[in-house]
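Okay, structure first, notes after.
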Amino acid sequence: MKKDTVNIIFGDSIAYGLGDTECFGWLNRLRKKDEKLLKEFFLNLSIPGQTSSEIVERFEFELKRRFNYVDEFKLFFSFGIKDALKLGYDKTYLKIFEHNIIELIKIAKNYTTNIHFLGLLNVNETIRVGYKRKNIDTINECLETLCHKYSINFINMFDVINIKDLCDGLHPNELGHEKISQYLYESLYKNSK
């Protein structure tokens, strides 16, 4: 029996593809980068506006319904900007975020070792009041530290796009999503042919 490769993405509005009216996000753009990727399955289970708390709530329920022991599974997590926003209003929220990430990692490791966390992107603070660089950095650093601690791949995304690549100060525009897909392709797939 042939093994399929199933890529499952859990994320927020950026992972969902908001801001890209041409291809509906970096995930769809990524699939088109290589003929090999067109043969893989990509399931985008991202929901705009979600925090780590909401993702951890639904993660195992949704994963169980798609998982099997025959195929190869890759899990991607791409969220945290709403967590950074919450951290701006509640400094104790970092403990909740840490707990959620540890819980996601523990659950994910029951299904696969091929797990990737994408770091946060830059935000235009003059347009998106409430989103502060220091809170984004804190969430990113926490995520990176936990990934290293639990031997999970962390992909730093902060400098992949710049402010001009945002359509509304938060979500990447078409060029931004293209830059993200190219960066992920080069980081994860290009050398695995």
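The values are calculated or read from the model by the stated rules, or taken from the named source; none is laboratory data. Given the structure is predicted, the values throughout are model-derived calculations rather than measurements. Note that each Cβ is placed from the backbone with ideal geometry, even for glycine, and that neighbours are counted across all protein chains shown. Ligands, DNA and RNA are stripped out before the accessible areas are found, and what is left, the full protein with its side chains, is counted by its heavy atoms. Shrake-Rupley method; radii C 1.70, N 1.55, O 1.52, S 1.80 Å.
Go through segment 1-26 and give me each residue that's β-branched (Val, Ile, Thr), more than 25 Å from Leu104 (Cβ to Cβ) and open to solvent by less than 30 Å² (accessible area, probe 1.4 Å). Show your work before the answer.
Going through segment 1-26, the residues β-branched (Val, Ile, Thr) turn out to be 5-6, 8-9, 14, 21.
In the following step, the residues that additionally are more than 25 Å from Leu104 (Cβ to Cβ) were identified as 21.
The answer is none; no residue qualifies.
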Checklist line | Among the residues listed as Phe97, Phe42, the single one being farther than 25 Å from Arg133 by Cα, of a type in the set (A, V, I, L, M, F, W, C) and either over 13 Å from the mean Cα position of the chain (by Cα) or in a loop (DSSP other than H, G, I, E, B) (or both) | finding: Phe42
Note to self: Looking at (1) assigned to a loop (DSSP other than H, G, I, E, B); (2) within 23 Å of Cys147 (Cα to Cα); (3) hydroxyl-bearing (Ser, Thr, Tyr), which one does Ser53 not meet, given that it meets all the others?
What the structure shows: (1)
Notebook entry, point to check: In segment 135-151, is there at least one residue being part of a loop (DSSP other than H, G, I, E, B), under 18 Å from Ala15 (Cβ atoms) and open to solvent by less than 60 Å² (accessible area, probe 1.4 Å)?
Noted result: no
Check: For residues in segment 68-94 being under 21 Å from Asn153 (Cα atoms) and open to solvent by 40 Å² or more (accessible area, probe 1.4 Å), which is modelled with the highest pLDDT?
Finding: Leu94
Next item on the list: Read through the list (1) under 19 Å from the mean Cα position of the chain (by Cα); (2) modelled with pLDDT under 95, then give the number of the only condition that Leu104 fails.
Entry: (2)
